[in-house]
Each structure stands twice: as C-alpha cells, then as structure tokens.
Amino acid sequence: DVDSIVRTAKNAGLDTLYLHCWRTTGSQSGELRIQDESGTWNPAWGRKAGLVTLSRFIDKAHAAGLQVVGVVQVFRAGGPFPSDRAHQTHMVERVLRYLVHNYDGRGRRRYQLDGIAFDYIRWFGGSHAPTEVDRFLRAARAEVGALPLHAFVIASAFSFDGSSYDNRFRSYAAVRSYLSQNYGQDWESMAKVLDVLMPMAYTANGHVYGTQLARMEGYLEVVARYARRAITNAGSRCRLVPAIRTWNS
C-alpha cells in the first residue's frame, strides 16, 4: 500500500506523513512496528511486528517531496507511567537509539526520518508534577540531537471549558496548572525542548459540543491561543500544529 499512501497524500496537498514505529505494551517492552532492517534489534526489548520496510517507505515519500515522522508511543494507561525511570531509559537508549542512530555500511542513517513524534507522553490522571515528562524530553533531546521532536499533548474540552462547556473558559494559568497536575504536561516547559507542539483539540463527532459548532469553534480558538502563549512565554521557536482526529470509531 506504500505507493497508494504516498500518491494519495501528495495529491491531497499534504507535506508530512506520521508513521507508527513503536507501541509500548509494558515496562521496558513493546512492539517494533517496522522491519528490523539492520538485524540489530534484540527481541528482548520488544517483539518485532515488521509491518513496513521503513527505509523503502521513507525513500518513496521523500521522492514525492513528503516528510516522514516516526510516531513513538512512550507510556500507556495502566503503566508504565512517567515515574518508571527504567522504562524511560529503555525508550531513550534502545528505541530512540535504534531509530535514530542506526547506520548502514556507508555511515548513513538507515532510517532517514524527518523527526520523532511522541504519543502518550503523559500521566493518565491523578495528581502529578510535570517533572518526569520533562526529564524524559530532555533525555530524548540529548539522544536525538538536532532531529525535530514532536509531541501530541492533551487539550480536552474539560481542561479548557470546565464542566459547563459553554465557552466560559478557564484562564490560561488555570489551564496550564490543570494540564500540568493531571497529565504532567506543562506546555511552557515542553515547548523549550520540542520543535512541534501538537494539541489534540478536535474530534470528529464534536465530542461534548455535539452540533454546537460556534462553541466548538470558540474552544478551538482558545486552545490555539493558549498554546501560542505557552510557546511565546517559553521563548521558544516551537511550531504549533493542532492534531485532528478525522473519523470516530
């Protein structure tokens, strides 16, 4: 399906493809969703699903003028959580190192990814400081160097619009505090490390707003405004790219 995916994306005017490369299933374990083209992946680190030959996918995308960003799921509901330092190390020194610092006989990066996007880089409820998420991001930055880092971040309607969903929004400070304490995602500290901040702000079925499109529009505008403020406050050049879920299961 690679040719069809690339052709469809190009014809639609897209410029970047996000491709899932790793799924965490437990502490220091998961699923490598690409072919182990170098033969250096240790199955003890996670099972090999081998769903796509990544270098071929990237070559075809690049030939069409498309970027490819590898999506890496970091934590998961039920654990491992950000407090699992051994899992943090596993993600950095095994998963990221394999994807980013894997070289062929000519010294060329085997997987010419244009960036890494972190998914599930958060706590899953409760009261937590952003310390561990920030720690992981700093370690990831040290590992990948200048390669762009992207991250999907929580931007739920409840975080911004309370329980009333009437567009009487919480203040920027209140939203920042809520996201930091409940998910460990402080957008300002994250923006200092990331290249692309991706608030997950839209769901296909309208979620709590249903058909009240004006309120949905108001919510989306505030998400974008608060995210831009976080980036500005951080003194960052991080890009703001809202994540859109197009269909609903």
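The values are calculated or read from the model by the stated rules, or taken from the named source; none is laboratory data. In this text, all values refer to a predicted model and were calculated from it rather than measured experimentally. Note that we place each Cβ from the backbone using ideal geometry, even for glycine, and neighbour counts take in every protein chain shown. Ligands, DNA and RNA are stripped out before the accessible areas are found, and what is left, the full protein with its side chains, is counted by its heavy atoms. Shrake-Rupley method; radii C 1.70, N 1.55, O 1.52, S 1.80 Å.
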### Task
Would you mind getting the accessible area per residue of the chain, heavy atoms of the protein chains only, 1.4 Å probe, in Å²?
48
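Working out 0.36 nm times the residue gap between residue 109 and residue 200, then minus their Cα-Cα distance, what length gain in nm do you get to one decimal?
Details: separation 91, 0.36 × 91 = 32.76 nm, distance 3.08 nm.
This chain segment gains 29.7 nm when fully extended.
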### Message
Give me the one-decimal nm value for the distance between modelled label points at residue 2 and residue 217, 7 Å along each residue's Cα-to-Cβ direction.
### Response
4.3
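What Kirkwood hydrodynamic radius, in Å, does the stretch 81-129 give when the mean of 1/r is taken over all pairs of distinct Cα atoms and then inverted? Walk me through the numbers before you get to the answer.
Working: mean 1/r = 0.0775 Å⁻¹.
Taking the inverse mean of 1/r over all distinct Cα pairs, the stretch 81-129 comes out at 12.9 Å.
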### Task
Over the alpha-carbon set of the stretch 48-168, work out the extent along each principal axis and list the three values in angstrom, largest first.
57, 35, 28
### Mean separation of Cα contacts under 8 Å (6+ apart) over length of the chain, as relative contact order %
15
### Summary
From DSSP H assignment alone, runs of 4+ in the chain each adding -39500 (n - 2.57), the sum over residues rounded to the nearest 500 puts [θ] at 222 nm at -10000 deg cm²/dmol
### Message
Need one word for the stretch 165-205: rounded, prolate or oblate. Basis is the Cα gyration tensor (sqrt eigenvalues a ≥ b ≥ c); a/c below 1.5 gives rounded, then a/b vs b/c decides.
### Response
oblate
### Share of pairwise Cα separations in the stretch 38-113, more than 17 Å, in percent
54
### Query
What residue among 174, 198, 157 has its Cα farthest toward the positive end of the dipole of the stretch 87-230, where the charges are +1 on Lys, Arg and -1 on Asp, Glu, each on the Cβ?
198
### Message
Need one value: the accessible area of residue 165 in square angstrom, 1.4 angstrom probe, rounded to the nearest 10.
### Response
50
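Could you state, as a whole-number percent, how many of the C-alpha pairs of the stretch 143-249 are farther apart than 18 Å? Display every interim value, and only then the final one.
On the way: 2667 of 5671 pairs.
Result: 47 percent of Cα pairs exceed 18 Å.
Would you mind telling me the share, in percent, of accessible area of the stretch 85-224 contributed by carbon and sulfur at probe 1.4 angstrom?
Details: 2950 of 5890 Å².
For the stretch 85-224, the apolar C and S fraction of the accessible surface comes to 50 percent.
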### Task
Using every pair of alpha-carbon atoms in the chain, split the distances into 5 Å bins beginning at 0 and state the percent of pairs per bin, rounded to integers.
1, 6, 13, 16, 18, 17, 13, 9, 5, 2, 0, 0
#### Entry: Shape category assigned to the stretch 102-141 from the gyration tensor of Cα positions, a/c cut at 1.5
prolate
### Query
Peptides 141-153, 88-100, 179-191: what's the order by average Cβ count within 10 Å, highest mean first?
179-191, 88-100, 141-153
